[in-house]
1. Can you pull the semi-axes for segment 180-231, root of five times each eigenvalue of the Cα gyration tensor, sorted largest first, whole Å?
2. For the chain, report the translational diffusion coefficient in µm²/s to the nearest whole number, using Stokes-Einstein at 4 °C, 1.567 mPa s, and a Kirkwood Rh over Cα pairs.
3. Calculate for the chain the 222 nm mean residue ellipticity that helices alone would give, adding -39,500 (n - 2.57) per DSSP H run of length 4 or more and normalising by residue count, nearest 500 deg cm²/dmol.
4. Quick one: Karplus J couplings for segment 121-132, per residue in order, coefficients 6.51, -1.76, 1.60, θ = phi - 60°, nearest Hz, x for Gly and Pro?
5. P(r) for segment 153-203: what percent of alpha-carbon pairs falls in each 10 Å bin, starting at zero?
6. Of all the Cα-Cα pairs you can form in segment 20-136, what percent are over 16 Å apart?
7. Between Thr68, Ser122, Met105, whose Cα lies farthest towards the positive end of the dipole of segment 20-136 when Lys and Arg beta carbons carry +1 and Asp and Glu beta carbons carry -1, centred on the Cα centre?
8. So for each of 190-200, 223-233 I average, over its residues, the number of other beta carbons within 10 Å; can you give me the resulting order with the highest mean first?
Amino acid sequence: MKSILKYIVASFGVVALMAACSVENEGAIYSDNGAASFLSTASTYSLSAAATSIEVQVNRTTTKGSATYPLTATDKSGGFNAPTEVSFADGEGSTMLTVGLKDGMEVGVRYDLVLSLGDKVSAGGNASITLRVTKNYEWTAIGTGKWTDGLVGPLFGASALTYDVTVYGANGVSGVYSVMPYAYGVFPYTAENEVVGTGRVIVDARNPESVFVAEAGTGINWSYGEMIIGSVYGNKSNDLATYPLGKVNGKTIDLGSMYIEDDDGVYVIGQPVILVLP
């Protein structure tokens with residue numbers, strides 16, 4: 001059994017909806033009968049979890065008359081509602097193309113979409129663009145709650161503790177919360193020199209009967225590598241009957257069957273891990 005004694009003794013002593021960045025291979029548009037071109041060959045977007053679309057600039061070599069050009073989309077992820085054409089009104093030499101984002105996009109996962117103009121590209125222009133999209137939660141503190149640690153302390157032979165934590169809500173997404181329960185100054189057993197990260201734990205309680213905790217670093221290393229925690233089901237196992245997800249009861253969220261992992265292995269402690277909302 002790992003010993004927690006030294007730790008006990010020592011320790012008590014964005015992003016806007018449209019945030020495109022990083023464009024590659026910007027180039028001028030060359031004249032040839034009003035054909036079109038993308039502004040760049042690639043663009044990266046870091047978006048809030050509530051984002052529903054992105055915009056892509058497309059240029060053409062003339063402003064005379066209206067024009068519509070077909071587009072081909074390659075969407076291996078299935079995360080986009082991709083347009084099939086781009087149109088310019090009379091007098092327009094540039095337009096912003098809207099690309100829809102499907103509801104099923106997971107936060108923290110990168111989705112790629114390639115749009116192509118085919119042979120409708122202007123000479124020397126960019127015929128295609130790769131759009132790299134990642135959604136990220138933005139957080140607002142909603143008050144002080146309670147965290148019951150049935151993981152880190154019990155793994156090292158200590159009793160489960162209940163203590164105060166700041167609870168954050170995801171902007172624009174009801175039922176998603178985050179806490180940093182093992183931070184220095186929050187978890188009584190954490191010493192300042194053991195901190196290796198922020199240790200933000202995300203609790204997805206949008207379905208109150210199936211609360212899920214994605215794999216997350218605790219932000220602390222007790223000589224066995226940074227400890228990682230999360231729901232067993234969906235991270236380490238597909239056996240929901242043996243490793244049930246959590247449930248919401250009023251302001252109390254029982255996180256269900258959780259695991260803790262370090263360099264020595266993966267452990268399912270079996271003690272309750274609970275978040276009580278403010």
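1. Each semi-axis is the square root of five times an eigenvalue, giving 24, 11, 7 Å.
2. 60 µm²/s
3. -1000 deg cm²/dmol
4. In residue order, the calculated couplings are 7, 6, 4, x, x, 9, 6, 9, 9, 9, 9, 10 Hz.
5. In order of increasing distance, the bins hold 22, 46, 25, 6 percent.
6. 57 percent
7. Of Thr68, Ser122, Met105, it is Met105.
8. Going by the mean number of other Cβ atoms within 10 Å, highest first, we get 223-233, 190-200.
Coordinate-derived values only; no laboratory data. It should be emphasised that the depicted structure is a prediction, and the values quoted were computed from it without experimental measurement. With ideal geometry, Cβ positions are generated from the backbone for all residues, glycine too; neighbour counts draw on all protein chains shown.
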